[in-house]
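Some notes on the structure that comes next.
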Amino acid sequence: MTGSDVIQTAMNQAVRDGVFPGAVLAARVSGTIRCLTVAGRLSSDPASEPVQVSTIYDLASLTKPLVTVTSLLLLIQTGQLQLDVPIHSILPDLEGAPIGLVSMRDLLTHSAGLPGWRPFYERLETKEIMPGRTEPAAIRDAVLHLIREEPLIYERGEKSLYSDLGFMLLGFMVERVGGSSLDRYFQEIVAKPLEAQPLLFTPMMAASHAITPPVNRATIAPTEWDNRRGRLLHGEVHDENAAAMGGVAGHAGLFGTAEAVLAVSGAWLNAYLERSSTLDGALVREFTRRQSRVPESSWALGWDTPTAPSSSGRYFSPEAFGHLGYTGTSLWIDPKRELEVVLLSNRVHLSRTNDTIRAFRPMIHDLVFQELVRSVGSS
């Protein structure tokens, strides 16, 4: 049995165990895709189509590193942003508020004092601020005001608390400095040069088609039945706050395939290894280095690093970096092994309370390492 066969068996078993209705796993070693495995179906409906390599998933918080962090790095690379200046210099709306004094580094390490999450979508609805009725700029201004008014819950730098709110602010910073909406900036500056397609926001909305080609709904894996929205979410973002922002936000909203994710991860890995890349190597190594300013934190700049127990399993090196997505997605990159692993699934389709993926993630990463990396080293 080959390494890919062993991984396929584990993926099929995960479907039977109810970890997810279907998934795609892609693993690349030293620039070569060694495993591109699919399992299961698009949904729990036995009549639904089988998952394909080309299946598009809601990437959830992989939006953070793929879109927001990559965009910020490029803006720093061109001298348009700096890591350690107060963010009110970029977002003047925050001047005079405590959050305006924090830096981009604080936001990227989740140590700015912000809470992890707030139901802004409910507050916006009560004010009748919502997509289709309100201009996108006005929605963003309203969200920015809500974050400005949110009390900080700990002292800046005291600890790390994973925060969607901080990445909403970082997304706004990309828009202000980049001079266009986050989805448009990402497509023009990141996705197109890297040929990372399909990797896009709002795949079912006509507005997105001016930026990216139309997407066939049948190629998208649905996420969850949403009682609040009264429908199965299929091609629209699962995250409620991102949905309230029109599907485009710094913390969530990106959709894509495993191979498209690899196109961006490859740019990070190549830059780290000082190979040809659109990204600067020194900046990439800084962004992926665990930051020492925050006590007991595993965070680099927008990327996480392995700390036992880690979703990356037992074998990824301390130099590795990665991120998870709530819908059942993940990306881990180990520059020491030249290993990239992308797992895309819609585990929330069964129920957002389905957390069996917690045990599956480290197991499958261990298996990928043992079958694809260790076997190379021993051959």
Residue set LEU75, LEU83; condition part of a helix (DSSP H, G or I), modelled with pLDDT of 95 or more and outside the structural domain of LEU232 (by TED's automatic domain parsing); output residue LEU75
Matching residues in segment 286-310 (over 24 Å from GLN82 (Cβ atoms) and surrounded by 22 or more Cβ atoms within 10 Å (Cβ to Cβ)) number 1
Restricted to segment 86-99 and to residues being in a loop (DSSP other than H, G, I, E, B) and not β-branched (Val, Ile, Thr), the residue surrounded by the fewest Cβ atoms within 10 Å (Cβ to Cβ) is GLY96
| Hey, any hits in segment 237-257 for a residue that's surrounded by fewer than 19 Cβ atoms within 10 Å (Cβ to Cβ), touching a strand residue (DSSP E or B) at 6+ places or on another chain (Cβ under 8 Å) and assigned by TED's automatic domain parsing to the domain that holds PRO50? | no
Scanning segment 100-128 residue by residue, those touching a residue at least 40 places away in the same chain (Cβ under 8 Å) and not in a helix (DSSP H, G or I) turn out to be VAL102, THR109, HIS110, SER111, ALA112, GLY113, LEU114, PRO115, GLY116, TRP117, ARG118, PRO119
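The values are calculated or read from the model by the stated rules, or taken from the named source; none is laboratory data. Fair warning: this is a prediction, and the values are worked out from it, not measured in the lab. Neighbour counts run over all protein chains shown; Cβ positions are idealised from the backbone, glycine included.
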